[in-house]
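The values are calculated or read from the model by the stated rules, or taken from the named source; none is laboratory data. This structure is a prediction, so every number in the text was calculated from the model and none was measured. Don't worry about glycine lacking a Cβ; one is built from the backbone with ideal geometry, like all the others, and counts go over all protein chains shown. These area figures cover heavy atoms from the full protein model, side chains too; ligands, DNA and RNA do not enter into them. Shrake-Rupley method; radii C 1.70, N 1.55, O 1.52, S 1.80 Å.
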Amino acid sequence: MPGILTGGGPERRGDVSEGYDGVVVGGGHNGLTAAAYLARAGLRTLVLERREIVGGACVTEEIAPGVRASTTSYIASMLRPEVIRDLRLADHGLRMVPCEPGLQVPFPDGEILPWWTEPERTAAEIERLSAADARAFVELDVRLKRLARYLQPFFLEPPPDVGARGLRGLRELGRVGRRLRGITGDEVGDLVRFLTGSLRELLDRHFESENVKTLFVANNVYGMHGAPSRPGTALGLLFHLLSGGQDESQGFFGHVIGGMGAITEAMASAARGFGAEIRTGAPVAAIDVVDGRARGVTLEDGTEIRGRAVLSNADPKRTFLGLVDKRELPEGFGADVAAIRMDGPCAKVNFVLAEEPRVSAMPADADPARRALFTLLPSAEFADRCYETAMRGEIPERLWVDCVVASNVDPTLAPTGTHVMTCFVQYVPYRPAEGTWDQRRDLLGDRVLAGIAEYAPNVPGAVVARQVLTPLDLERTYGLTEGNIFHGDLSIDQLFFMRPVPGWARYRTPVDGLYLCGAGAHPGGGVTGAPGFNAARVVIGDLRWWGRRR
Ligand SMILES: Cc1cc2nc3c(=O)[nH]c(=O)nc-3n(C[C@H](O)[C@H](O)[C@H](O)COP(=O)(O)OP(=O)(O)OC[C@H]3O[C@@H](n4cnc5c(N)ncnc54)[C@H](O)[C@@H]3O)c2cc1C
């Protein structure tokens, strides 16, 4: 029955102060992170998730009877170690095992290149192709890791406030200066190149072997709009070298035991442990704004819920173009939000297999962990072509496919003898030029399978079940507007103080009391917990300030 909820107490129309302190719209991993920190700070916190399960794009779901898979995100790489520690996620069941190798690419010429955690070990593999490239790999690895260390602190704090003036402006300048203390002139040049340059140019400058260049491309342009020859695509190199995992290792890639949903289950359990309330099957229809201030939300069933602060984990378009009355937004803001680039360009195909994929190029002595992942990307040039095809609205004949046979390292997902292979796919259009995604879903699944068969011929005959998630499915099922996995492309013009839109990059929004806490805010997408962590800090500060003023 619709009513007014005021924070655990009797239902009544009431003063805002009687409600929750924080109402979080969406129980993705960032919403849960924010909720856990709010509750830990003693604030009455409620999470409202539209689906029947929490986790957003970080979930484990049954894809066939008795078989579970990380249906969307599938590798934990950038989950902030501070979040893991503060929320004691290990005590709530989170267990990750490093991917070793972190990535590997089989090539049409029968070569296979793994990227091991130890740079020297990867260099030894590259040595077979080019001694010069092996040396260049180790040198570039050192340079990249050093640069990533400068960027890393910006992840768990708001982006630089370029609008700050006077004393505040000086403080901001000091903060940025401290973060970049010790940076040399050469490193500044490198940083600008990595943040703005094209990956192809960078690789052409350092390497001669096409296979080595392709290995880098395979590691660094995930989910981004833009083929490797486009400016801004070198950025991924730095993002992937941020530290991650319990031990804060740089460039960490981890399998999560129980699938990615184990992260969000642990987060939900931690949040509840601190006193947060979490409701699933509770879609929010509107964020209620009175006198320019967010006062709570109204659910689709008409229930009104009061809150002193509303944190939206939904993406910026869904939040501002879908949940907030446009009359409450300043002129031009809606247009800025509508202009955020986020159409596609990824899909996911998840398979249940009766036998393990046998990749022809895999060495005979490869252990199950090594056999657990392979990326199908024949060349860097292929990536460019694939992108251009998708941008014309077509589904490329052959796709860039990242395969993870999670059951090789995690026996909890499927009965013995059954295998789970998840396949991240790019590039695909958000809007097909012909027909609809509902009509073309099977075509996509068939093309992914045909591509895999070229490298692992036993796979088509082993398929027991498959789930194809097109960009439209990512939008409809997981609430990702335009199917964008990052709530907005990770391009330099949409990052740092430009995310989600210039002028509103520090979690607060033009509506007082309304905050963004998801991947659409700084520092962006991926399972990091960082936007949720940062937003919670801002909200806690603001609520204390409001509390003192009352
Ligand atoms: C196919 C795919 C593969 C990926 N692979 C990886 C990977 O391997 N590693 C990695 O680090 N990242 C990966 N990502 C990216 C990463 O998963 C996301 O960027 C991240 O999970 C976003 O988290 P979030 O909490 O900010 O938002 P979301 O996970 O999108 O959560 C938002 C939540 O809000 C809910 N919601 C929206 N509107 C409402 C409403 N009106 N009322 C109530 N609830 C609402 C949604 O249902 C959802 O649960 C992948 C993503 C996808 C889709």
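Does region 47-78 hold any residues that are in a strand (DSSP E or B), touching a residue at least 12 places away in the same chain (Cβ under 8 Å) and more than 6 Å from the ligand (Cβ to nearest atom), and which are they?
The answer is V47, G55, T60, E61, I63, A64, V67, R68, A69, S70, A76.
I need the full set of residues from region 268-281 which are over 26 Å from D301 (Cβ atoms) and crowded, with 24+ Cβ neighbours inside 10 Å, in order please. Steps first, answer last, please.
Narrowing region 268-281 to residues over 26 Å from D301 (Cβ atoms): 269-270, 273-274.
Within region 268-281, just A270 meets the criteria.
Please find, among A218, A262, the residue that is closer than 27 Å to S491 by Cα and in contact with a strand residue (DSSP E or B) (Cβ under 6 Å, 6 or more places away or on another chain). It would help to see each step written out before you state the result.
Values: A262 fails: closer than 27 Å to S491 by Cα.
Testing whether each residue is closer than 27 Å to S491 by Cα and in contact with a strand residue (DSSP E or B) (Cβ under 6 Å, 6 or more places away or on another chain) leaves just A218.
What about L151, is it modelled with pLDDT under 85, assigned to a helix (DSSP H, G or I) and within 21 Å of the chain's Cα centre (by Cα)? If you could, list the steps in order and put the result at the bottom.
Numbers: modelled with pLDDT under 85: no; assigned to a helix (DSSP H, G or I): yes; within 21 Å of the chain's Cα centre (by Cα): yes.
No; evaluated as a whole, the condition is false for this residue.
Count, please, the residues in region 124-136 that happen to be open to solvent by less than 10 Å² (accessible area, probe 1.4 Å) and touching a Phe, Trp or Tyr at 6+ places or on another chain (Cβ under 8 Å). Let's see the steps before the verdict.
Kept after step one, since they are open to solvent by less than 10 Å² (accessible area, probe 1.4 Å), are these residues of region 124-136: 126, 130, 133-134.
With touching a Phe, Trp or Tyr at 6+ places or on another chain (Cβ under 8 Å) added as a condition, the list becomes 126, 130, 133.
The number of residues fulfilling the criteria is 3.
Which one is farthest from the ligand (Cβ to nearest atom) among residues in region 299-321 that are open to solvent by less than 30 Å² (accessible area, probe 1.4 Å) and assigned to a strand (DSSP E or B)?
Ranking the qualifying residues of region 299-321, first place goes to A309.
Could you list, in sequence order, the residues of region 327-344 that are within 16 Å of the ligand (Cβ to nearest atom) and either assigned to a helix (DSSP H, G or I) or open to solvent by less than 20 Å² (accessible area, probe 1.4 Å) (or both)? Working first, answer last.
Let us first name the residues in region 327-344 that are within 16 Å of the ligand (Cβ to nearest atom), namely 337, 340-344.
Answer for region 327-344, where residues must be within 16 Å of the ligand (Cβ to nearest atom) and either assigned to a helix (DSSP H, G or I) or open to solvent by less than 20 Å² (accessible area, probe 1.4 Å) (or both): V337, I340, M342, G344.
Please determine, by comparing only the residues of region 137-165 that are of a type in the set (D, E, K, R) and within 22 Å of E82 (Cα to Cα), which one is most open to solvent (accessible area, probe 1.4 Å). Talk me through it step by step, then tell me what you get.
Taking region 137-165 as the starting set, the residues that turn out to be of a type in the set (D, E, K, R) are 139, 141, 143, 145-146, 149, 157, 161, 165.
Adding the requirement that they be within 22 Å of E82 (Cα to Cα) leaves 145-146, 149, 157.
Values: K145: 35, R146: 100, R149: 141, E157: 19 Å².
For region 137-165, the residue satisfying everything is R149.
Conditions: (1) free of Cβ contacts under 8 Å to residues at least 40 places away in the same chain; (2) within 11 Å of the ligand (Cβ to nearest atom); (3) closer than 16 Å to Y515 by Cβ. D288 meets all but one. Number of the miss?
(2)
Listed here are the residues, each with its yes/no results for (1) in contact with a His (Cβ under 6 Å, 6 or more places away or on another chain); (2) more than 9 Å from the ligand (Cβ to nearest atom); (3) in a loop (DSSP other than H, G, I, E, B).
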position	(1), (2), (3)
F486	no, no, yes
F497	no, yes, no
V501	no, yes, yes
R506	no, yes, yes
Y515	no, yes, no
G520	yes, no, yes
L543	no, yes, no
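Condition check: within 11 Å of L311 (Cβ to Cβ) and either open to solvent by 10 Å² or more (accessible area, probe 1.4 Å) or in contact with a strand residue (DSSP E or B) (Cβ under 8 Å, 6 or more places away or on another chain) (or both). Does G26 satisfy that?
Values: within 11 Å of L311 (Cβ to Cβ): yes; either open to solvent by 10 Å² or more (accessible area, probe 1.4 Å) or in contact with a strand residue (DSSP E or B) (Cβ under 8 Å, 6 or more places away or on another chain) (or both): yes.
Taking the combined requirement at face value, the residue satisfies it.
Answer with yes or no whether E100 is among the charged types (D, E, K, R), more than 12 Å from the ligand (Cβ to nearest atom), open to solvent by 20 Å² or more (accessible area, probe 1.4 Å) and modelled with pLDDT under 95.
Numbers: among the charged types (D, E, K, R): yes; more than 12 Å from the ligand (Cβ to nearest atom): yes; open to solvent by 20 Å² or more (accessible area, probe 1.4 Å): yes; modelled with pLDDT under 95: no.
In short, no.
Answer yes or no: is there a residue in region 270-283 that is modelled with pLDDT of 95 or more, touching a Lys or Arg at 6+ places or on another chain (Cβ under 9 Å) and either under 24 Å from Q426 (Cβ atoms) or assigned to a strand (DSSP E or B) (or both).
Start the filter on region 270-283 by keeping residues that are modelled with pLDDT of 95 or more, which leaves 270-283.
Within this subset, residues satisfying the condition of being touching a Lys or Arg at 6+ places or on another chain (Cβ under 9 Å) are 270-271, 273-278, 280-283.
Now narrow it down to the ones that are either under 24 Å from Q426 (Cβ atoms) or assigned to a strand (DSSP E or B) (or both): 277-278.
There is at least one residue in region 270-283 that is modelled with pLDDT of 95 or more, touching a Lys or Arg at 6+ places or on another chain (Cβ under 9 Å) and either under 24 Å from Q426 (Cβ atoms) or assigned to a strand (DSSP E or B) (or both).
Hey, among L151, L140, L87, which residue is within 15 Å of the ligand (Cβ to nearest atom) and of a type in the set (A, V, I, L, M)? Can you show your working first?
On the way: L151 fails: within 15 Å of the ligand (Cβ to nearest atom); L140 fails: within 15 Å of the ligand (Cβ to nearest atom).
After applying the criteria, what remains is L87.
Which residues, taken from region 156-198, are more than 27 Å from the chain's Cα centre (by Cα) and more than 27 Å from V142 (Cβ to Cβ)?
G163, A164, R165, G166, L167, R168, G169, L170, R171, E172, L173, G174
Of everything in region 258-269 that's closer than 30 Å to D141 by Cα and part of a loop (DSSP other than H, G, I, E, B), which residue is nearest to the ligand (Cβ to nearest atom)? It would help to see each step written out before you state the result.
So the first thing to find is which residues in region 258-269 are closer than 30 Å to D141 by Cα, and the list is 259-260, 263.
Adding the requirement that they be part of a loop (DSSP other than H, G, I, E, B) leaves 259-260.
Working: G259: 11, M260: 7 Å.
Selected residue: M260.
Checking R168 against (1) over 18 Å from L242 (Cβ atoms); (2) open to solvent by 40 Å² or more (accessible area, probe 1.4 Å); (3) in contact (Cβ under 8 Å) with a residue 24 or more places away in the chain; (4) not in a loop (DSSP other than H, G, I, E, B), only one condition comes out false. Which one?
Every listed condition holds for R168 apart from (3).
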